[in-house]
Amino acid sequence: MFTSSSTAQANNNIIGGSNSQSQPSGYLAGSGASMTSSVSILESNLTHPNALIWKLTLLTSISGFMFGYDTGYVSSILVTIGQDLTPGSYLSVEQKQWITSATSVGAFIGSSLLLAGTLSDSIGRRKTLILSDILFLAGAITQFLSYSVTLMVLGRLIMGFGVGIGSLIAPLFISEFAPSKYRGKLVVVNCLCITGGQLIAYAIGALCKWRDVVLISCLPCGLQLIGLLLKGTTDTPRFLIMKGLQEEAFVALKTIYNNADDSLISDAIMELSMEYSSGEGKLSNFAKFRKGIRDIFSVGSNKRALVIGCGLQAAQQFVGFNSLMYFSTTIFKMVGYNNSTGVSCIIAGTNFLFTALALLIIDKIGRRRILLISMPLLCAAQVLCAVSFYNLNINVDQQSAQAATTDINKWGIGILAGLVMFVAFYAIGLGSVPWQQSELFPQNVRGIGTSLSTSTNWLGSMIIAACFLTLMQVLTPCGTFFLFASITLFFWVMVYLIYPEFGGLQLEEVQGLLKDKFDVKGSLELHEQRTGHTNNDGYTRI
Ligand SMILES: O[C@H]1[C@H](O)[C@@H](O)[C@H](O)[C@@H](O)[C@H]1O
């Protein structure tokens, strides 16, 4: 147990020992020293993620699965709904658009500041995730029972609230309990569940009636809800410490690091408590919220974290990947491939496989390097698509964005190869790295910061869904893919200039690297010290 004597001992260790309180918070840029030494020792004794860490990661990543399943099944149910919601006629284009976009709109609202971010900082990550499950179930049941488009749209909107909240909390939850050397990989488990959910949704969508497809989504959600409600599933130790719940934090840390000495755990709790103490204790929730908003937009390191978090999420969406998720069937029809389920599965399957590869390599290669290598290849794939479209000379119909089917020639094969490469190089880098966003923000504004980044993601996803077919008409398919390639190039330069390597660092060390500048050079040195992996990507300070 966390006792007052161990507190006192820990206090002595910290105040009397080498970790003087007068040191700047967190990482001392350049020196490699850190206030959180007990946390390092605690983590370094762990040689691999144990069963409990995996259990928590998988339980939390069910949110990722629901995110993927839900965004994946909509394209199939739009066909199988037939006349069920509109007796005597089929769904109009507008009705289809409402049904499709309602979830993204809900997710955008759900992940935005006032809901998920504030809630997760006040009631906790676990309870906010429980709320997301309840909303998700309410939305799924409304859809299952709906006999009108209005009810269906309402159900998708409510489900969207749940999806949006879950999309933010799951990676945040994992980041906060994961030992730093495995954090990258454990967060990618959630991404793998997103892409796995999309793949399974295509398969189930092709096999089942639409109401069953919707109902099946209640299973993982119910499972997560039960898991979160079970005795013994606690909030993250970092959240508990932030709230001053040291006894609970002790129990949580003892379960994760079950072989560690009680006194080491107490020391770690003391260190983190001191790190997080900000004099906010007596403020009301509303006052804390106002302070959080002020801090995120005024403190230099928070502003830089926000530029990186929102920038990477914008990159993830504006390189255009989700246009393939939503419209791959349309694109492939343009070039003469008519087996829609087959092509959708190729896209979703490649996305899943290469996300799995990201999981295996992210902690070894590093977030920054994985992006620096994969983004130029992604850009090349987009250029290949653009050139192939140019040579196929497709005219996109102004009304339906359909094009005359052409015979598949070598350029048709070029498009297929280009799109598969597009998905692969996206999944391995941009599909996974931006979800590491929680590590960018300090404890007191982590909820708000990740909210803003996640809502940037959903906003981007909505804009791409709304504009893609129009872009194909106005700019032509060749122009659209050149636009995506230029956006990829732009964000690659941004990554090169301002995205430090945070892999292997403790969450509390990140702020020091963003304190006065985007300290890319310092981060590469520190990453090398912490992980032993050389990370020379040719960066010179500018
Ligand atoms: O990371 C995920 C993943 O890449 C999905 O396949 C994509 O549909 C989402 O928009 C993205 O956030």
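Hey, Leu440 hits all of (1) away from the ligand (no atom under 16 Å from the Cβ); (2) modelled with pLDDT under 95; (3) under 21 Å from the mean Cα position of the chain (by Cα) but one; which does it fall short on?
Evaluating Leu440 over (1) away from the ligand (no atom under 16 Å from the Cβ); (2) modelled with pLDDT under 95; (3) under 21 Å from the mean Cα position of the chain (by Cα) leaves (2) as the failure.
Condition test on Ser89, is it open to solvent by 40 Å² or more (accessible area, probe 1.4 Å) and either more than 17 Å from the chain's Cα centre (by Cα) or in contact (Cβ under 8 Å) with a residue 12 or more places away in the chain (or both)?
Taking the combined requirement at face value, the residue satisfies it.
For Met66, are the conditions met, namely being modelled with pLDDT under 50 and open to solvent by less than 60 Å² (accessible area, probe 1.4 Å)?
For Met66, the condition - modelled with pLDDT under 50 and open to solvent by less than 60 Å² (accessible area, probe 1.4 Å) - is not met.
Could you tell me whether the stretch 199-209 includes any residue that is within 14 Å of the ligand (Cβ to nearest atom) and within 18 Å of the chain's Cα centre (by Cα)? Show your work before the answer.
Of the stretch 199-209, the ones within 14 Å of the ligand (Cβ to nearest atom) are 199-202.
This time we only want the ones that are within 18 Å of the chain's Cα centre (by Cα), so: 199.
Yes; the residues of the stretch 199-209 include at least one that is within 14 Å of the ligand (Cβ to nearest atom) and within 18 Å of the chain's Cα centre (by Cα).
Only residues that are buried (at least 24 other Cβ atoms within 10 Å of the Cβ) and at pLDDT below 95: list them for the stretch 411-437, please.
Matches in the stretch 411-437: Ile415, Leu419.
For the stretch 68-104, which positions are in contact with a Phe, Trp or Tyr (Cβ under 8 Å, 6 or more places away or on another chain) and either under 19 Å from Ser148 (Cβ atoms) or more than 16 Å from the ligand (Cβ to nearest atom) (or both)?
The answer is Ile77, Thr80, Ile81, Gly82, Gln83, Asp84, Leu85, Thr100.
Quick check on this structure: which one of Leu359, Leu372 is at pLDDT 95 or above, part of a helix (DSSP H, G or I) and either over 13 Å from Val433 (Cα atoms) or within 16 Å of the ligand (Cβ to nearest atom) (or both)?
Leu359
Could you please let me know if Thr236 is closer than 30 Å to Ser44 by Cα and touching a Lys or Arg at 6+ places or on another chain (Cβ under 7 Å)?
Judged against the criteria, Thr236 is a match.
Do any residues in the stretch 428-453 that are over 29 Å from Ile269 (Cβ atoms) have Cβ atoms under 9 Å from those of residues that are hydrophobic (A, V, I, L, M, F, W, C) and in a loop (DSSP other than H, G, I, E, B), where the two are at least six apart or on different chains, and which pairs are they?
Short answer, once both residue conditions are applied: Leu430/Val319.
Run down Phe491, Phe484, Phe502, Phe518 and say which single residue is at negative phi and open to solvent by 40 Å² or more (accessible area, probe 1.4 Å).
Phe518
Taking the stretch 454-478, which residues are polar (S, T, N, Q) and modelled with pLDDT of 90 or more?
Within the stretch 454-478, the first condition is being polar (S, T, N, Q), and the residues that meet it are 454-457, 461, 470, 473, 476.
Thr454, Ser455, Thr456, Asn457, Ser461, Thr476 - these are the residues of the stretch 454-478 that are polar (S, T, N, Q) and modelled with pLDDT of 90 or more.
Which residues, taken from the stretch 342-352, are within 12 Å of the ligand (Cβ to nearest atom) and either open to solvent by 10 Å² or more (accessible area, probe 1.4 Å) or not hydrophobic (A, V, I, L, M, F, W, C) (or both)?
Of everything in the stretch 342-352, those that are within 12 Å of the ligand (Cβ to nearest atom) and either open to solvent by 10 Å² or more (accessible area, probe 1.4 Å) or not hydrophobic (A, V, I, L, M, F, W, C) (or both) turn out to be Gly349, Thr350, Asn351, Phe352.
From Gly196, Gly205, which residue is small (Gly, Ala, Ser) and within 28 Å of Ser451 (Cβ to Cβ)?
Of the residues listed, the single one that is small (Gly, Ala, Ser) and within 28 Å of Ser451 (Cβ to Cβ) is Gly196.
Return the only residue of Gly106, Gly110 being in contact with a Ser or Thr (Cβ under 8 Å, 6 or more places away or on another chain) and outside any loop (DSSP other than H, G, I, E, B). Explain how you work it out, then say what you get.
Numbers: Gly106 fails: in contact with a Ser or Thr (Cβ under 8 Å, 6 or more places away or on another chain).
So the residue among Gly106, Gly110 that is in contact with a Ser or Thr (Cβ under 8 Å, 6 or more places away or on another chain) and outside any loop (DSSP other than H, G, I, E, B) is Gly110.
When you look at Leu225, is it open to solvent by less than 50 Å² (accessible area, probe 1.4 Å), over 30 Å from Gln83 (Cβ atoms) and either touching a Phe, Trp or Tyr at 6+ places or on another chain (Cβ under 7 Å) or touching a residue at least 24 places away in the same chain (Cβ under 8 Å) (or both), yes or no?
yes
Can you tell me which residues in the stretch 298-341 are away from the ligand (no atom under 13 Å from the Cβ), open to solvent by 10 Å² or more (accessible area, probe 1.4 Å) and modelled with pLDDT under 85?
Within the stretch 298-341, Thr329, Thr330, Lys333, Gly336, Tyr337, Asn338, Asn339, Ser340, Thr341 qualify.
Given the criteria aromatic (Phe, Trp, Tyr), modelled with pLDDT of 90 or more and either over 20 Å from Glu509 (Cα atoms) or in contact with a Cys (Cβ under 8 Å, 6 or more places away or on another chain) (or both), does Phe250 qualify?
yes
Specify which of the listed residues (Ala203, Ala268) is touching a residue at least 24 places away in the same chain (Cβ under 8 Å), of a type outside the set (S, T, N, Q) and out of contact with any Pro (no Cβ under 9 Å at 6 or more places or on another chain). First the steps, then the outcome.
Values: Ala268 fails: out of contact with any Pro (no Cβ under 9 Å at 6 or more places or on another chain).
Of the residues listed, the single one that is touching a residue at least 24 places away in the same chain (Cβ under 8 Å), of a type outside the set (S, T, N, Q) and out of contact with any Pro (no Cβ under 9 Å at 6 or more places or on another chain) is Ala203.
State which residue pairs qualify: first residue over 19 Å from Leu384 (Cβ atoms) and inside the stretch 465-478, second residue among the acidic types (Asp, Glu) and surrounded by fewer than 20 Cβ atoms within 10 Å (Cβ to Cβ) in any location, beta carbons under 9 Å apart, and separation of 6 or more residues or different chains.
Pairs that qualify, where the first residue is over 19 Å from Leu384 (Cβ atoms) and the partner is among the acidic types (Asp, Glu) and surrounded by fewer than 20 Cβ atoms within 10 Å (Cβ to Cβ), are Gln473/Asp397.
If you check every pair at least six apart or on different chains, which have Cβ atoms under 7 Å apart with a residue in the stretch 313-338 that is farther than 19 Å from Gln198 by Cβ first and a residue that is at pLDDT 95 or above and more than 9 Å from the ligand (Cβ to nearest atom) second?
Correct list of pairs: Ala314/Thr456; Ala315/Phe491; Phe318/Ile487.
Just for the stretch 312-350: of the residues that are of a type in the set (S, T, N, Q) and within 26 Å of Gly449 (Cβ to Cβ), which one is farthest from the chain's Cα centre (by Cα)? Don't jump to the end; show me each part of the working.
Keep residues of the stretch 312-350 that are of a type in the set (S, T, N, Q), which gives 313, 316-317, 322-323, 328-330, 338-341, 344, 350.
Remaining after also requiring within 26 Å of Gly449 (Cβ to Cβ): 313, 316-317, 322.
Values: Gln313: 8, Gln316: 10, Gln317: 12, Asn322: 14 Å.
By that ranking, first place goes to Asn322.
Which of the residues belonging to the stretch 41-67 are away from the ligand (no atom under 15 Å from the Cβ), closer than 24 Å to Cys191 by Cβ and part of a helix (DSSP H, G or I)?
Within the stretch 41-67, Glu43, Ala51, Leu52, Ile53, Trp54, Lys55, Leu56, Thr57, Leu58, Leu59, Thr60, Ile62 qualify.
Please state which one of Tyr182, Tyr147 is surrounded by fewer than 24 Cβ atoms within 10 Å (Cβ to Cβ), more than 15 Å from the ligand (Cβ to nearest atom) and under 25 Å from Tyr257 (Cβ atoms).
Tyr182
The values are calculated or read from the model by the stated rules, or taken from the named source; none is laboratory data. Small disclaimer: the values here were computed from a predicted structure and weren't measured. Using ideal geometry, Cβ is built from the backbone for each residue, glycine included, and neighbour counts are taken over all protein chains shown. For accessibility, only protein heavy atoms count, side chains too; no ligands or nucleic acids. Shrake-Rupley method; radii C 1.70, N 1.55, O 1.52, S 1.80 Å.
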